[in-house]
Amino acid sequence: MTAAAAGTAAAALAAGCGGQDGRTAASDAAPGGNGKKPPQATTYTTLQGLPADSDPFGKSSGTVVRPKAALPVSAQPGGTPVATLPAEQLGGPTWVPVVESRPGWHRVLLPSRPNRVTGWIPGTADKVETARSSHQVKVDLSDRRLTLTDKGRKAGTWSVAIGEGKTPTPTGRTFLLALLKPAKPTYSPLILPVGAHSETLDTYGGGPGTVAFHGWPSKDVFGKAVTHGCVRVPPDALDRLSKVPLGTPVEIVD
Amino acid sequence: MRLKHLTRAAAVAGAVAMPLAAAVPAAVAATPGAAGAAGSAYALAATGPVAVPATPSVTSAAARPERKSVAELPANPLIRAGVLNAAAGAGHARASVVDLAVPRAKLTASLVAAKCHNGKGSSHLVKVTLDGRVIKASATPGSTVTARVDGLGTASLVLNKQSRTSDGRLTVTAIELTLPLPQGKTETISIASATCGPKGGAGDPGDPGDPGKPEDPRPSPSAPPSAPPSAAPAPTPVTGDLPVTG
């Protein structure tokens, strides 16, 4: 055992999110950092030296990719790696949406801070599994509605609760990051974290301020701006969203 | 028995381990500009319902290889391993796993090792058995062995798997095990994987003085032609919680 291994363990602990230890270690410990290794691109980290999404309200291609193993992330195709995209996020497979491609490379949205951060990863079939999500999730903050489309057609639309004035739901395009089922549900049977974070809360409840879709015990919140950034959705919406592939683009507009 | 295996593993890693005693700072000497010549290696990684990150994982472009060893895998229900080694430097990488067992696949191994040097790769197996059958020590690149897994289908081993990375380096994986699991799921376990390119050769990204310069993107020569992407899978809920911004 080396100092590097100890460092990895410390990093996994520092990420502590109230999740299960094994799962945290699995998702955060991938390349065994020694302090000089690039940071992991997860919901817990802040990445530097990577480009922001150049078209945050643009149309998404629907192409999603899953790294078969941890992949280097760089600012240009083949550039110096400045982060690592692990094969897992929050205990499930990593799926990220592609926003730009060059032969052998994909530029993808990343689940880390700052919001809208992107990076280039290898795109060949030996490195990533490529698939297509026919779905799209749109949240319109102005009328507080969430709309799910499939193959370009409306699959459902619901009145939802969004972030209040001091803790707004951040805008731009992001993606479905994970589907979590709390062992002891409090306010929702399922939690669907997305790639974005609160711009006003650095942490929340001990977590990294990740924005998510989830249910809520009382329906009087729907249609109101009352949350800390998350989007609370009715049970039917939660059920539909839970079947949408990870990596599916989520568009949040004012 | 175990001691003997450990000794053997030490011998396999020995060529790397010996000069390393005094060489740890050399790893720091890796410059961004030399990253294309970097070697990388990991002893074991698994993807699928049971995900094991690359353990241990080393990437280095230093002249003297950087080495990591760990005595155990992250807790998981599928794979047991004794010692896991990985070492990498410029144009060189090697990885090995000692005392491996994947009971569900009826796979056991005293030693699984892969080596990559100057863009050429090889693998070495000691006492590897799949469902009681002994797998020979040196395998033709890409040869496949299969075994029935009770009630679930067929497990397959690809031996000495050699592929090109997107930047033209070679990856040799001593064993890639594909294992069917309940509910139609599949687990892929890569055992002893080493990646390297020629020293200072192909894949070197630009001038050391200009680390930000984009490399000419080179698709992998061996990558299969891209088929139209399939539909992305519906997610499986993961038991767990994350404090989100309620």
Total residues in segment B:155-177, condition on the phi > 0 side of the Ramachandran plot and either touching a helix residue (DSSP H, G or I) at 6+ places or on another chain (Cβ under 7 Å) or at pLDDT 90 or above (or both):
1
Those residues of segment A:123-146 that are basic (K, R) and over 29 Å from A:A87 (Cβ atoms) come to a total of 2
Subset of segment A:199-216 that is within 12 Å of A:L238 (Cα to Cα) and surrounded by fewer than 23 Cβ atoms within 10 Å (Cβ to Cβ) - its residue that is farthest from the other protein chains (Cβ to nearest Cβ):
A:G215
How many residues are within 11 Å of another protein chain (Cβ to nearest Cβ), among the charged types (D, E, K, R) and farther than 15 Å from A:G156 by Cα when one looks only at segment A:217-254?
1
Residue list for segment B:178-189, restricted to those being crowded, with 23+ Cβ neighbours inside 10 Å and either more than 14 Å from every other protein chain (Cβ to nearest Cβ) or touching a helix residue (DSSP H, G or I) at 6+ places or on another chain (Cβ under 6 Å) (or both):
B:L179
Which of the residues that make up segment A:93-106 are crowded, with 21+ Cβ neighbours inside 10 Å, out of contact with any Gly (no Cβ under 7 Å at 6 or more places or on another chain) and facing another protein chain (nearest Cβ under 8 Å)?
A:P93
Where a residue in segment B:133-149 is among the basic types (K, R) and its partner, wherever it lies, is at pLDDT 80 or above and not in a strand (DSSP E or B), with Cβ under 8 Å and at least six apart:
B:R148/B:D131
In contact with a His (Cβ under 9 Å, 6 or more places away or on another chain), more than 28 Å from A:S218 (Cα to Cα), within 13 Å of another protein chain (Cβ to nearest Cβ) and among the acidic types (D, E): is that true of A:E88 in this structure?
no
Any residue in segment A:164-172 that is at negative phi, of a type in the set (D, E) and in contact (Cβ under 8 Å) with a residue 12 or more places away in the chain?
yes
Being crowded, with 23+ Cβ neighbours inside 10 Å and in a helix (DSSP H, G or I) is the filter here, so list the residues in segment A:217-243 that pass it.
A:A237, A:L241
Could you please give the count of residues in segment A:201-246 that are out of contact with any helix residue (DSSP H, G or I) (no Cβ under 6 Å at 6 or more places or on another chain) and either of a type in the set (S, T, N, Q) or within 17 Å of A:D143 (Cα to Cα) (or both)?
19
Within segment B:125-141, can you find the residues that are more than 26 Å from B:Q183 (Cα to Cα) and surrounded by 12 or more Cβ atoms within 10 Å (Cβ to Cβ)?
B:L125, B:V126, B:K127, B:V128, B:T129, B:I135, B:A137, B:A139, B:P141
Residues of segment A:99-127 classified as of a type in the set (V, I, T) and either in a loop (DSSP other than H, G, I, E, B) or modelled with pLDDT under 95 (or both), total
2
Segment A:51-68 - residue that is more than 10 Å from chain B (Cβ to nearest Cβ) and charged (D, E, K, R) and, of those, nearest to A:W105 (Cα to Cα):
A:D53
Residue that is nearest to A:E100 (Cα to Cα), among those in segment A:149-198 that are in contact with a helix residue (DSSP H, G or I) (Cβ under 8 Å, 6 or more places away or on another chain), more than 8 Å from chain B (Cβ to nearest Cβ) and outside any strand (DSSP E or B):
A:V160
Can you report the number of residues in segment B:47-71 which are in a strand (DSSP E or B) and within 10 Å of another protein chain (Cβ to nearest Cβ)?
14
Take the conditions under 13 Å from the mean Cα position of the chain (by Cα) and modelled with pLDDT of 85 or more and apply them to B:T195. Does it pass?
yes
Scan of segment A:183-198 for residues that are surrounded by fewer than 22 Cβ atoms within 10 Å (Cβ to Cβ) and either at pLDDT 95 or above or under 14 Å from the mean Cα position of the chain (by Cα) (or both), ordered by number
A:P189, A:L190
Filter segment B:60-116 for residues that are surrounded by fewer than 24 Cβ atoms within 10 Å (Cβ to Cβ) and acidic (D, E); the one that is nearest to A:P81 (Cα to Cα) is B:E72
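The values are calculated or read from the model by the stated rules, or taken from the named source; none is laboratory data. Computed from a predicted structure; not experimentally measured. Cβ coordinates were reconstructed from backbone atoms using ideal geometry, including for glycine residues, and neighbour counts include every protein chain displayed.
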